[in-house]
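Read-outs throughout are calculated quantities, based only on the coordinates presented, and are distinct from any laboratory measurement. Given the structure is predicted, the values throughout are model-derived calculations rather than measurements. Counting neighbours? That spans all protein chains shown, and the Cβs are built from the backbone with ideal geometry, glycine included.
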Amino acid sequence: MRHAVLTTLVALAASVSPVLSACAQEAERPPEQEVIFSDEQDAQVVAASNEARKSLPVFWAKFEAKPAGYGHYAVKAAFKTRAGATENIWVNVIGRADGKVTGELANEPYDLGDLKVGDQVEVDEAAITDWQYSKGDKLYGHFTTRALTARANAAQRAQSAELFSPQPLEAGAN
């Protein structure tokens, strides 16, 4: 079974930039928002997701502390599509309690029915497949996005090099 992995860097940047977010909301699906599909058994994506899940304590520590200069806390979570497949989509985190994460969809879903960017959702922590936060002008995390960057178009690869930190974890983070 295949699943949509929404790794578009434009959609990703939309969660970071209010201007891009407003543009993404105006169009049904911006032309530059390309969906990259991946098989659920894709070894690179599975390994990247496992690394992201192992390092979730780093993300939650930053989210709870909210140190100066940090922001844009989001998780990528797996949702069931109308067709019964899995769609992984970014959720801007609002809160966390009792094994659940509350947030807003950070990009336009591909096949999640009536859900749209900005809608509030609640997901089980077990559904998290990746995470991100910003420090200054760089994004940390994005394990699965980094794994799929080679499959993106040249413009998206260039954008990822500009947006992402050199490594998904900050130096000294476990």
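Output the number of residues of region 99-121 satisfying the condition of being within 25 Å of Pro168 (Cα to Cα) and loosely packed, with under 14 Cβ neighbours inside 10 Å.
Summing the residues that are within 25 Å of Pro168 (Cα to Cα) and loosely packed, with under 14 Cβ neighbours inside 10 Å in region 99-121 gives 2.
Just a yes or no: is a residue in region 116-135 touching a Gly at 6+ places or on another chain (Cβ under 8 Å), more than 14 Å from Trp90 (Cβ to Cβ), of a type outside the set (D, E, K, R) and touching a residue at least 60 places away in the same chain (Cβ under 8 Å)?
Checked region 116-135: no residue is touching a Gly at 6+ places or on another chain (Cβ under 8 Å), more than 14 Å from Trp90 (Cβ to Cβ), of a type outside the set (D, E, K, R) and touching a residue at least 60 places away in the same chain (Cβ under 8 Å).
Listed residues Gln156, Gln132; which is in contact with a Leu (Cβ under 6 Å, 6 or more places away or on another chain), of a type in the set (S, T, N, Q), closer than 16 Å to Tyr73 by Cβ and surrounded by 18 or more Cβ atoms within 10 Å (Cβ to Cβ)?
Working: Gln156 fails: closer than 16 Å to Tyr73 by Cβ.
When all the criteria are applied, what remains is Gln132.
Of these, Phe79, Phe63, Phe59, which one is part of a helix (DSSP H, G or I), under 14 Å from the mean Cα position of the chain (by Cα) and at negative phi?
On the way: Phe79 fails: part of a helix (DSSP H, G or I); Phe63 fails: under 14 Å from the mean Cα position of the chain (by Cα).
Just one listed residue meets the conditions, Phe59.
If we only count strands (runs of 3 or more DSSP E) wholly inside region 90-174, which ones have 2 or more residues that are more than 13 Å from the chain's Cα centre (by Cα)?
Working: elements: 100-105, 120-124, 128-135, 138-141.
The qualifying strands (runs of 3 or more DSSP E) are 100-105, 120-124.
Determine whether region 95-102 contains at least one residue that is touching a helix residue (DSSP H, G or I) at 6+ places or on another chain (Cβ under 6 Å) and at positive phi.
Yes, region 95-102 contains a residue that is touching a helix residue (DSSP H, G or I) at 6+ places or on another chain (Cβ under 6 Å) and at positive phi.
Tally up the residues in region 51-88 that are in contact with a Ser or Thr (Cβ under 6 Å, 6 or more places away or on another chain) and surrounded by fewer than 17 Cβ atoms within 10 Å (Cβ to Cβ), please.
Keep residues of region 51-88 that are in contact with a Ser or Thr (Cβ under 6 Å, 6 or more places away or on another chain), which gives 71-72, 74, 76, 78, 87-88.
Going one step further and asking which of them are surrounded by fewer than 17 Cβ atoms within 10 Å (Cβ to Cβ), we end up with 71.
So the answer is 1.
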